[in-house]
Structure formats: C-alpha cells, structure tokens
1. Quote to one decimal, in nm, the extra length available between MET277 and ASP163 on full extension: 0.36 nm per residue of separation minus the C-alpha distance between them.
2. Using 0.36 nm times the number of residues separating LYS125 and ALA201, minus their current alpha carbon distance, what extension gain do you get?
3. Could you work out how much longer the chain between GLN183 and ARG293 gets when fully extended? Use 0.36 nm per residue separation minus the Cα distance between them, nm to one decimal.
4. Please work out the C-alpha center-to-center distance from the stretch 99-125 to the stretch 301-353 and express it in whole Å.
5. Highest mean first, what order results for 117-129, 220-232, 151-163 on Cβ atoms within 10 Å?
6. Assuming a ≥ b ≥ c are the square roots of the Cα gyration tensor eigenvalues, decide whether the stretch 260-333 counts as rounded (a/c under 1.5), prolate (otherwise, with a/b larger than b/c) or oblate.
7. If I take R0 = 35 Å and measure r between the Cβ atoms of LYS346 and VAL285 in this structure, what FRET efficiency does the formula 1/(1 + (r/R0)^6) give, to the nearest 0.05?
8. Could you tell me which of the pairs LYS265/LYS346; LYS115/LYS189; LYS234/LYS346; LYS115/LYS346 are separated by over 24 angstrom between their Cα atoms in the structure shown?
Amino acid sequence: PFRLEAAGQNSSARVAGNRSGVQGGGFRDRTTLSHCAVVWLVRRRRRRSSMQRGFASRCLALLGLIGIRLCSGGYIPPTKYLIMSNAANGTIGYVQLSRTGNISAVRTLIDRDLKHPQGIAIDQKRQLLLVADSDLRKVVSYGLTVHEDGSLGVDDQSPVAEDLETRWVAVDGLGNVFMTDEQGGRILKISARQVLDGDTAARSVFADDGTLGGAIASPGGVVTDNFHVYWTNKRDGQATGTVVRSLVPATNMTDVAPQPVALSKNVPKAYGLCMAMDTIYYTDVDHNVYAVRASGGDVVQVSSQFANPRGCAWDGESTIYIADRSADGVFALDGPSLSLAEVSAKKAVDFQG
C-alpha cells in the first residue's frame, strides 16, 4: 500500500505553494504504518500541455527507470524513494534511498485532505501517486515533483474512483487502475481511457457471484503485470485461494470469461502482496511473509520475524520492503532470487528513532 514525478525549477516553485514535501512531525506521530512503495526519480524540465494537465489531475505515478547523461558521458542513476501511508494519521510520508544503504529521515509528503489512506501505487510512466482511502470512499491521485534539494512534492488531489470502500490499489503500464472491494467481494477497474476522460465509475472485473468457483472471498491486496491481476483473499483462503491469479479480461471478451487460478492456499487470511520479477510476495495476519512463483509452485515462508506485516513493495533490484503496522517501521528482505528460501528481515525505516 506508495510513489512520484520529476520537474524543473518552474514546476518546483508551483508545487511549493501547495502542500509539497511538508516536513513536519505529522507522519511520525502515532504511526500505524499501512503500506509502502518505491519510486525512482530523475529531475528534469517538463512542460505540461493542457492534455497532460488533465491526465495528471486524475492519475497516479512512479517515475521510470531512466537517468541523466552528463556532458562528459557519465551517468547518474535515478534517485529512489520509499513512500509510506499512515492510515491512523491520514498522512503519506517518504524516505530517500541510496545505493550505499543509507536512508534519509522520514519526511511528510501529504498531511491533509486524506482520512484513512492505506493502499498506494505508482504509475511510473505518468508520474502519479495513487492512494486508496477507505474513509473517503475514493481512490485519488497526485502528480509528483522532485525539488532541487531532493525533497518530494505533490500537486492537487484528483479523484480516480469514487463511491467505493477500497483499501488496496494497483496500476499497470497502460495506466489502467485496479482496486479491491473487500465488502462487496469484487475486483474493480478504472481503464486508462476513463482516467483521461475523468470517468470515476469503477467497473467490476471479477465478482464473488458464483461464476468463478469461489476464487474471491473478501479480497485484499492487488497487483498486476499488464496481463494478469493477482489478489489476496482475507477470508477462507485455504478453500478459495490465499493468492489468486487471473488473466485480465479483454473489453470485448463476453463469451468466455477468464478462470482464476489459486497460486497458494496455505493460510486463511492474507493482506498485502507485491510482484518482484516472476515472484509474488505476500503477508499474513501475524508474523509471516510468503513467496510463490507467479506461474505457480511451492509456497515458501521467507520470513517469520514480523508483528503485523501489511504492505509490500519491490525496489526493482534486490530488496523487498514490508510495512509492519505494529513494529513502528519498514523492513527490508533480500529478494527475489533463483531459489526461494527464508531470509533475515532488517529494519530499514524506524519511526521510534
């Protein structure tokens, strides 16, 4: 359940008058961490046309894996940020990650207009942050900006989906947004075209209506790889599937609906999940993080060191981040790997210090 954008000095000044990079104690106070996500940023000058403004006002983004090539021919790798939601305080915070392993102090990114933010996702191509807020009954988006000093900022909040109680959100490479409706037993979608048009009425993609053989039971976390959508179930996981995979149905697919496949049935209730190359990592109620290949296979318990693990994010390289709502921090795990095995969890972000 987190991400951002790049801009030059003009955009930086524009956002500075808004709520960008507010560095208060708002995120750390009484932290009950829900989710986390990783963002790659490159500072660049960007002019937004009227169409770009309309799109950015309704989407969420994570910046792409690109770098700045210097005049001398050298290369500066993109900066990474870990973005986290604090549902109890209604805030979003972030830290800057470095290749040396150092992590900056926690800063507040958003400290108003949210009530209970939980799931977050990044649309890298469109440089947008998506936030699922169950109390607002919305999924909302923010354009992201990196300032000259390396701090992050956001522009105005814009609705992506409305009138639904969702806690988890994901976005694919085309800009389609997926979310789960735990109470209604549905996987919902806002298409990229709807985002462009400002249409906030989510369509049901999968529903617990008896047609899927019981593959949906109070769905939780959701992730997509552009072809498939994956979700966890928070009820009856050992019968319906703890983690379930299905092809995303095409718009014109009416005669034959995709049939979901249970990738695991090892625990009755799971929360967050993230995808790292060909591996799905997911969290249960207490203590444990598991992994299974996206194509199926044996389930491996990769860690049992947590209190209440929830959100999950991959940094695009060799680290899985897990938000622990009861341990005042975010933990790092080595992964993914060719051979799945138990690994040690190291606290990467500590909110007590």
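1. 37.7 nm
2. Full-extension gain reported as 25.1 nm.
3. 36.8 nm
4. That distance is 16 Å.
5. Going from most to least packed, we get 117-129, 220-232, 151-163.
6. oblate
7. It comes to 0.95.
8. Violating the 24 Å limit, Cα to Cα: LYS265/LYS346; LYS234/LYS346; LYS115/LYS346.
Each reported figure results from applying straightforward, stated rules to the coordinates on display, with no laboratory input. Here the structure is a predicted model, which means the values were calculated and not measured. Methodologically, a virtual Cβ is constructed for each residue, glycine included, from the backbone with ideal geometry; neighbour enumeration extends over all protein chains shown.
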